[in-house]
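Each remark here refers to the structure printed beneath this line.
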Amino acid sequence: MTTKHITHWIAGQEWTGPAERRGDVYDPATGRVTGQVDFATIAEVDQAVGAAAAAFREWRHTSVAKRAQVLFAFRELLNAERDELASIIVAEHGKVHSDALGEIARGLEVVEYACGIPQLLKGGFTEQASTGIDVYSIRQPLGPVAIISPFNFPAMVPMWFFPIAIAAGNTVVVKPSEKDPSAADFLARLWQRAGLPGGVFNVVHGDKVAVDRLLEHPDIKAVSFVGSTPIARYVYETGTRYGKRVQALGGAKNHMLVLPDADLDLAADAAVNAGFGAAGERCMAVSVLVAVDPVGDDLVARIKERMATLKVGPGCNADSEMGPLVTGAHRDKVTSYLDAGLADGATLAVDGRKHPISGDDTADGFWLGPTLFDHVKPGMSVYNDEIFGPVLSVVRVSSYDEGLELINANPYGNGTALFTNDGGAARRFQHEVEVGMVGINVPIPVPVAYYSFGGWKNSLFGDTHAYGQDGVHFFTRGKAVTQRWLDPSHGGINLGFPTNS
């Protein structure tokens, strides 16, 4: 079987040098190697950063109107070719096609938000702050910036960052996950077709060697990262030590609190959708359901009924609702929690290892079906750890207060949800819970593009969230100008209609 070759995108073209190291890329549904990706050395990273630095000299002076035109063109191309990009994601990540399309749609929202960059970069102006003196504020780009993205959203997560970074006048070096690298190269080619100058958007593939060089490189001015908490902490501490602006989004253990007055069918649907979508490989997945008794038994029964009907199979199959995990090593790690949970005393209500897998040629794929633990308690590894797989844990509590205390005591603070029909309880919850993103009868409360994404506690290092107004501020620097003009100036006569250029 012929495997494809994936390499870096630097200064508007594919890199053509010999790679010292490469990594295998798999089809998670079959377990077969489908490609090899070049791993960057320090030299390739330096080449990409050099291309971004050279391009920044011109791109920062390109008019905001022209930058917006390029963003609009990129948006149209991405919208037209989203199905092809989704197929690339399915082939390397394993998620089902509809989920890949949803990922792209959420990334497109940020592209569309960035198309409004002329409005987003508007500053303030005070006339006659003092006699004959005006004061105004402006926001200017930083320079070359790095984006280090995870395997679970190979298109959406980079699109949380690079549309705003580019629209604001920065240049970009993306380091995607080596597990599913092709989406980043596809996006690079779309940018080229949209008219983005070479060097404004670059891609380097690889592992820790590439990451460390980006964190250390003196020309990289800011770093955006999404991944596990230990790596997020490392990226933040290393990047800031080298004087960079860093936003590092880490792991999660998202709790969904269900009160006795909730619609239990709605809550059961939400728990299954949010717990097992993308095989649980989402930082916003619900991994802990906190049931306020007496509804625990009823809720668990309804969840089990729904889990039994889930169709697990290759992401390219139209009837598949959940695909495989991304690698064999990750599948094995997630599966190990099933034995650990039993050893700790939890009840394995549904064993995902027994779930049927549909489709042909799947015997060697990286499969684990939806799994449900009941009677889980804090201190158990299935509760404490971010499993990042299709494993949902049910914790029983006696009251709202006990459930709230449980959530607030958790070291993560990414997302949470409350299911209730009590408006007063909902208002109290959103006020008291120590989590950055809150859903009320919404299980995955990912903010829309004109707000910002980010958690609290060990789920975020740095003080700036992704996209929205926070994103604009992260990728720009504020400057205040105080001016006085002693004489008026005259620009001459031009009867032509004024245009932007």
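Of note:
- Residues Glu321, Glu103, ordered by accessible area of protein heavy atoms at a 1.4 angstrom probe radius and largest first, appear as Glu321, Glu103.
- For the range 439-466 and the range 371-397, distance of Cα centres in Å: 22 Å
- Counted over the chain, the DSSP beta bridges are approximately 40% antiparallel.
- Between amide H atoms placed 1.01 Å from N, distances below 5 Å from Ser393 occur with Val288, Leu289, Phe373, all of them 5 or more places distant or on a separate chain.
- Relative contact order, percent, the chain [alpha-carbon distance under 8 Å, six or more residues apart]: 19 percent
- Positive end of the dipole of the chain (Cβ unit charges, origin at the Cα centre): among Pro356, Ala271, Val438, the Cα lying farthest that way belongs to Val438.
- Stretching Asp319 away from Val135 to a fully extended chain increases their span by 60.2 nm, per 0.36 nm per residue minus the current alpha-carbon distance.
- Amide H partners (placed H, <5 Å) of Tyr26, local residues excluded: Thr34
- With Cα atoms defining each centre, the range 1-60 and the range 291-324 are spaced 38 Å apart in the structure.
- Solvent-accessible area, 1.4 Å probe, carbon plus sulfur percent, for the range 161-235: 55 percent
- Accessible area per residue in Å² at 1.4 Å probe, computed on the range 292-383: 45 Å²
- Estimated dipole of the range 247-312 in Debye, rounded to 20 [Cβ of Lys and Arg +1, of Asp and Glu -1, Cα centre]: 400 debye
- Dipole magnitude of the range 1-152, debye to nearest 20 (Cβ charges: Lys/Arg +1, Asp/Glu -1, about Cα centre): 280 debye
- For the range 391-439, the pair-distance distribution built from all alpha carbon pairs, in bins 5 Å wide starting at 0, is 4, 19, 31, 30, 13, 3, 0 percent.
- Other-chain or far-sequence residues with amide H under 5 Å of Gly12's (modelled H): Gly199
- The structure-derived value of Cα extents along the principal axes in Å appears in the list [x] 66, 59, 43; [y] 66, 52, 40; [z] 80, 60, 43 under the label [z].
- Accessible area per residue for the range 48-195, computed on protein heavy atoms with a 1.4 Å probe, is 33 Å².
- Label separation (Glu402 vs Thr499): 7.1 nm, computed from points 7 Å beyond Cα along the C-beta direction.
- Placing +1 on the Cβ of every Lys and Arg and -1 on the Cβ of every Asp and Glu, with nothing else charged, gives the chain a dipole about its Cα centre of roughly 1620 debye.
- Here the range 19-131 exposes an accessible surface that is 49 percent carbon and sulfur, computed with a 1.4 Å probe and the other protein chains kept in place.
- Cα lying deepest toward the dipole's positive end in the chain, options Val481, Gly102, Ala329, charges on Cβ: Val481
- Prolate/oblate/rounded call for the range 1-112, Cα gyration tensor, a/c under 1.5 rounded: oblate
- Rounded, prolate or oblate (a/c below 1.5 giving rounded, otherwise prolate when a/b exceeds b/c) for the range 227-383 by Cα gyration tensor: oblate
- The fraction of accessible area contributed by carbon and sulfur in the range 404-447 is 47 percent, rounded to a whole number (1.4 Å probe; ligands and nucleic acids excluded).
- Estimated distance in nm for a label pair at Asp360 and Asp83, the labels positioned 7 Å out from Cα along Cα-to-Cβ: 2.2 nm
- Cα shape, the range 184-316, gyration tensor, a/c 1.5 rule: prolate
- Solvent-accessible surface of the range 397-494, averaged per residue with a 1.4 angstrom probe and all protein chains in place: 54 square angstrom.
The values are calculated or read from the model by the stated rules, or taken from the named source; none is laboratory data. All of these numbers come straight from a predicted model, not from anything done at the bench. We place every Cβ from the backbone using ideal geometry, glycine too, and count neighbours over all the protein chains shown. The accessibility values were calculated without ligands, DNA or RNA, using every heavy atom of the protein model including side chains. Shrake-Rupley method; radii C 1.70, N 1.55, O 1.52, S 1.80 Å.
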